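Derivation of every value follows stated rules applied to the coordinates shown; laboratory data play no part. Worth saying up front: this structure is predicted, and the values here are computed from it rather than measured. Cβ placement follows ideal geometry from the backbone for every residue including glycine, while neighbour counts extend to all protein chains displayed.
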Amino acid sequence: MPLGLIALALGGFGIGLTEFVIMGLLPEVASEFAVTEATAGWLITGYALSVVVGALAIPALVTRLPRKQVLMGLLVLFVAGNLISALAPSYELMLAGRVVAALCHGAFFGIGSVVAADMVGPTKKASAIAVMFTGLTAANVLGVPFGTFLGQAFGWRSTFWAITVIGVIALAGILALVPRSAGAAADAPSLRAELSAFRAPQVWFSIAITVLGYGGMFGAFTYIAYVLTDVSGFASSAVPWLLVLFGVGLFIGNFVGGKTADKALDATLIVVLAALALVLLGFALTAQSQIATIIALFLMGGFGFATVPALQMRVMRSAGSGAATLVSGANIGAFNLGNALGAWLGGVLIAAGLGYAAPIWAGAGLTVLALAVVIPAAAAVKRAAAQADADAAAPVRAGSEHPLPVDQ
């Protein structure tokens, strides 16, 4: 495994930590700046919106630049944003730091996916992407609990200082370990070529699958703390440990999903999304059982994140290797759009009085919709490949008195 992948994973770890750790520190931040919980919540919402903007805008602006240098520049932006947050004397500057840090999020994972795939052979590209996303899963399993503990013990600013240090180390790692040839400027297409990739219907199918499939998992996960305490009957002190279990599922699912996607991309998506839909349906029906909830939580994380390498690889393959940067970033934005869609739908159902288990039903429904898109999309890819093979074989057969067998 190229060591550059470890540097990309460390960058992903820091970025994932920045996104998620604030959820455990909101009370402390709100108290220091004397703002309401709803106002403090904009530190999460503003971050998510900035991710989408950065995922679309930054790849378009840097399409002709060497990707290694772009990744380093993004980490400089990341360090600056977290430094602003660590030093912020006011809520407004704290929010500004969050927005600055978030701008690099989507672009880093989008461009990093292309760089990771460039560093390995054609049969290991999804696995390489999975290695980079391992940093994001590790942020959930280890980083968020530790970052929350650090912030509660030494003040929330200490967590952002720690994240700043992680960003500096990741920057040094990319400088030293990522090959310059991974996305050299000479290989980079023009912005027009990058935009032309969006003409491919399979790119839009892939983005739709990402929004629906990822939205299904996070629609169920957004309100999971309420499910665990109010429906399943766990004590609030057990919630962090249950979330660690969910994070372990993410970690395993990401690794296995990358391996299987390298062998059969669309088949992996179909099987994993079908399994996720069944898990969510089972969870919704048995959420009152603590044992069933523990099993479902682990499986939801596993099958939910097993889709990630395949989803990212699919959109890049649909765009073509020569123009994958912009669509890769757009797909990272689609992940966050899916998060927002799932959370919004779950909130609407709870507000309608349908209970805390309702978002799990909504998540299952979104996952089924993702299946309804991926199955015909995969069939269309198969038909196109079969037609291409037939067209390639036709001239040989037409000019030969002894046609070759079909399997030669």
key: For segment 1-187, with +1 on Lys and Arg beta carbons and -1 on Asp and Glu, the positive-most of GLY135, MET94, VAL29 along the dipole   = GLY135
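For an R0 of 35 angstrom, estimate the FRET efficiency from the Cβ-Cβ distance between ALA351 and ILE294 and round to the nearest 0.05.
Efficiency for this residue pair is about 0.80.
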query = For segment 191-348, rounded, prolate or oblate, judged on the Cα gyration tensor with a ≥ b ≥ c (square roots of eigenvalues), a/c < 1.5 rounded, else prolate if a/b > b/c?
reply = prolate
request  = State the extension gain, in nm to one decimal, for the chain segment bounded by MET1 and GLN152, taking 0.36 nm per residue of separation less the distance between their alpha-carbons.
outcome  = 50.7 nm
task = Could I have the simple spin-label model distance between SER237 and SER181, label points 7 Å from Cα toward Cβ, reported in nm to one decimal?
result = 5.7
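May I ask you to compute the full-extension gain from ASP230 to LEU195, defined as 0.36 nm times their residue separation minus their alpha-carbon distance, rounded to one decimal in nm?
On the way: separation 35, 0.36 × 35 = 12.60 nm, distance 4.74 nm.
Extending this stretch completely gives an extra 7.9 nm.
Express in nm, to one decimal, how much length is gained between VAL165 and ILE375 on full extension, taking 0.36 nm for each residue of separation and deducting their alpha carbon distance. Please report the intermediate quantities before stating the final value.
Working: separation 210, 0.36 × 210 = 75.60 nm, distance 4.41 nm.
Residue separation times 0.36 nm, minus the Cα-Cα distance, leaves 71.2 nm.
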query = Once a ≥ b ≥ c are taken as the square roots of the eigenvalues of the Cα gyration tensor of the chain, is the result rounded (a/c under 1.5), prolate (a/b larger than b/c) or oblate (a/b not larger than b/c)?
reply = oblate
ask   = Under a plain spin-label model, where a point goes 7 Å from the Cα along Cα-to-Cβ, how far apart in nm are ALA388 and TRP42?
value = 4.9
remark   = Helix 3-33: inclination vs the chain longest Cα principal axis, degrees, rounded to 10, gives 30
query = What is the helix-to-structure angle for 325-351, meaning the angle in degrees between its Cα long axis and the longest Cα principal axis of the chain, kept from 0 to 90 and rounded to the nearest 10?
reply = 50
note = For the chain, the longest principal axis of the Cα atoms and the Cα long axis of helix 358-398 enclose an angle in degrees, to the nearest 10, of 20
Sorted by Cβ neighbour density within 10 Å, fewest at the top, the residues THR148, THR39 = THR39, THR148
task = Going by C-beta contacts inside 10 Å, put SER127, SER196 in order with the fewest on the left.
result = SER196, SER127
